[in-house]
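J.: Pasting in a structure now, in structure tokens, and then I'll have a few things to ask.
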Amino acid sequence: MSKEELHQIEELPDLKVAWYESYKCLDEPLLEYVWEIANHFLPDYEETDKGMIPVESSAPAIFANRYAERNLSVEERYERSKDTFKGTLEEYKKREYRKLDDSFKEKFLTNEDLQNTIEAYKLDVSKFWYLLLFVYDFIEDIGTNAPALNKSVLEDFSYFHVNLLETTSITLKKNNKKSYIVEREDTIRIIQAALQHFINTYSDIIHSGQDRETIIEQLKDIGLEGFIRNDLSSKISFTDKFSLDISYKKWKFTDMFLFFIERRKATTIPNKKVKVSKDKMMLVSRLIYTVGYDGKRYNEEYDSEGNKNRMLSNLLRRYKNEKFPSVIANYYMVVS
């Protein structure tokens, strides 16, 4: 029996769901691990009488579609997208498209050190494979040729949005003097709901797949004409692209996988005649090697002198006092 035959990946079926129909993916067992990460890192939000609350993420449906489309022609992708894309085939062909990359599947399956650790943690190898694909695809989405966005505007807006959702009063100033204070809960909730409606509308427009001119016209319709010429011009100018440094990709990758593995414990594998690593950081390090974010040194538990591999730990320590860069996704409809 070859190494490839030792571990088999169950094929994820074509679920044929739109991005807003993620609830239809809830019963797909192969996406169990994807849901766990997506609901924590990429949640959607719903307005309730208690304010905005996180709900099931749309990311699993987006991922499932991207996986199903990975080997399709542009014409076949167009046919699949007719429910959400209203333009012509020629307009569709003008869109930039990044194919979901699963080229490291054999590397994943034949890495016995990695597979032994997956087994020690009692993880389902198929579910874990789709989790790896999802995390990698998301990080490539935010980190490779993503639409550029003015960093200071994004940080200020994100900070304001997060704090507004939790605020109990709002103070207005004029000429640096307090002119009005809002403390009524219902008034604050109206403001919160209005901002969230704007965010949702804005997201729907920029992720609609329409041409740049149409997007600009629709942004003008919701009152962003002034911002188009100034602060938000970098966001809607799709000629400017942004790419994360590889060290930042490894940072976010590690953050997501450590969250997934932190509550799990490895056990001894019966009848195993080789040493099996139960080190969580080593598991993530080998996954980083698998997707190609670093070389074989990340796959080796010890260096040539017998010292424990601390490369990933040292990387995270270097950034422990830094804030992760502001990023925006092409496909997964989040700002992080």
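The values are calculated or read from the model by the stated rules, or taken from the named source; none is laboratory data. Computed from a prediction, not measured in an experiment: that's the story for all the values here. Here the Cβ is made from the backbone with ideal geometry for all residues, glycine too, and neighbour counts use every protein chain on show. For accessibility, only protein heavy atoms count, side chains too; no ligands or nucleic acids. Shrake-Rupley method; radii C 1.70, N 1.55, O 1.52, S 1.80 Å.
J.: Starting from residues that are closer than 28 Å to Lys82 by Cβ and open to solvent by 70 Å² or more (accessible area, probe 1.4 Å), keep the ones in the stretch 214-231 and report whichever is modelled with the lowest pLDDT.
T.: Lys220
J.: Considering each residue of the stretch 99-139, count those that are under 22 Å from Asp245 (Cα atoms) and open to solvent by less than 50 Å² (accessible area, probe 1.4 Å), and give that number.
T.: Result for the stretch 99-139: 11.
J.: Here is a list: Leu123, Leu109. Which entry is within 25 Å of Asp255 (Cα to Cα), in a loop (DSSP other than H, G, I, E, B), over 21 Å from the mean Cα position of the chain (by Cα) and at pLDDT 95 or above?
T.: On inspection, the qualifying residue turns out to be Leu123.
J.: Still on this structure, please answer the following. Can you tell me which of (1) surrounded by fewer than 14 Cβ atoms within 10 Å (Cβ to Cβ); (2) in a helix (DSSP H, G or I); (3) in contact with a Phe, Trp or Tyr (Cβ under 9 Å, 6 or more places away or on another chain) is the one Glu76 doesn't meet?
T.: Just one mismatch for Glu76, condition (3).
J.: Another question, if that's okay. Across the stretch 19-53, which residue is nearest to Gln192 (Cα to Cα) among those that are within 17 Å of the chain's Cα centre (by Cα) and not in a helix (DSSP H, G or I)?
T.: Tyr45
J.: Looking at (1) under 26 Å from Ile142 (Cβ atoms); (2) of a type in the set (D, E, K, R); (3) surrounded by 11 or more Cβ atoms within 10 Å (Cβ to Cβ); (4) without any contact (Cβ under 8 Å) to a residue 12 or more places away in the chain, can you tell me which one Lys308 breaks?
T.: So the condition that Lys308 fails would be (1).
J.: Might you let me know whether the stretch 178-192 holds any residue that is under 30 Å from Lys93 (Cα atoms) and either touching an Asp or Glu at 6+ places or on another chain (Cβ under 9 Å) or modelled with pLDDT of 75 or more (or both)?
T.: Scanning the stretch 178-192, I find no residue that is under 30 Å from Lys93 (Cα atoms) and either touching an Asp or Glu at 6+ places or on another chain (Cβ under 9 Å) or modelled with pLDDT of 75 or more (or both), so the answer is no.
J.: Would you pick out the residues in the stretch 280-296 that are over 18 Å from Glu106 (Cβ atoms), without any contact (Cβ under 8 Å) to a residue 60 or more places away in the chain and open to solvent by less than 10 Å² (accessible area, probe 1.4 Å)?
T.: Val284, Ser285 - these are the residues of the stretch 280-296 that are over 18 Å from Glu106 (Cβ atoms), without any contact (Cβ under 8 Å) to a residue 60 or more places away in the chain and open to solvent by less than 10 Å² (accessible area, probe 1.4 Å).
J.: Sticking with this one: Scan the stretch 259-292 residue by residue and report those that are hydrophobic (A, V, I, L, M, F, W, C) and part of a helix (DSSP H, G or I).
T.: Matches in the stretch 259-292: Phe259, Phe260, Ile261, Met281, Met282, Leu283, Val284, Leu287, Ile288, Val291.
J.: Consider only pairs whose beta carbons are under 8 Å apart and that are at least six residues apart or on different chains; among these, list those whose first residue lies in the stretch 198-213 and is open to solvent by less than 40 Å² (accessible area, probe 1.4 Å) and whose second residue is in a helix (DSSP H, G or I) and modelled with pLDDT under 70.
T.: From the stretch 198-213, the pairs are Ile199/His161; Ile206/Lys235; Ile206/Ile236.
J.: Here's something else I'd like to know. For the stretch 47-69, indicate whether the set of residues that are open to solvent by 50 Å² or more (accessible area, probe 1.4 Å), in contact with an Asp or Glu (Cβ under 9 Å, 6 or more places away or on another chain) and at pLDDT below 85 is non-empty.
T.: Yes, the conditions are met somewhere in the stretch 47-69.
J.: Can you find, within the stretch 232-252, the residue that is modelled with the lowest pLDDT among those that are surrounded by fewer than 18 Cβ atoms within 10 Å (Cβ to Cβ) and part of a loop (DSSP other than H, G, I, E, B)?
T.: Ser237
J.: Please identify the pairs in which a residue from the stretch 12-26 that is closer than 22 Å to Phe128 by Cβ and open to solvent by 20 Å² or more (accessible area, probe 1.4 Å) has its Cβ atom under 9 Å from the Cβ atom of a residue that is assigned to a loop (DSSP other than H, G, I, E, B) and modelled with pLDDT of 90 or more, counting only partners at least 6 apart or on another chain.
T.: Hits for this filter: Pro13/Glu28; Leu15/Glu28.
J.: Report yes if some residue within the stretch 140-147 is in a helix (DSSP H, G or I), open to solvent by less than 40 Å² (accessible area, probe 1.4 Å) and acidic (Asp, Glu); otherwise report no.
T.: yes
J.: Can you tell me which of (1) open to solvent by 20 Å² or more (accessible area, probe 1.4 Å); (2) closer than 30 Å to Gln210 by Cβ; (3) polar (S, T, N, Q) is the one Ser81 doesn't meet?
T.: (1)
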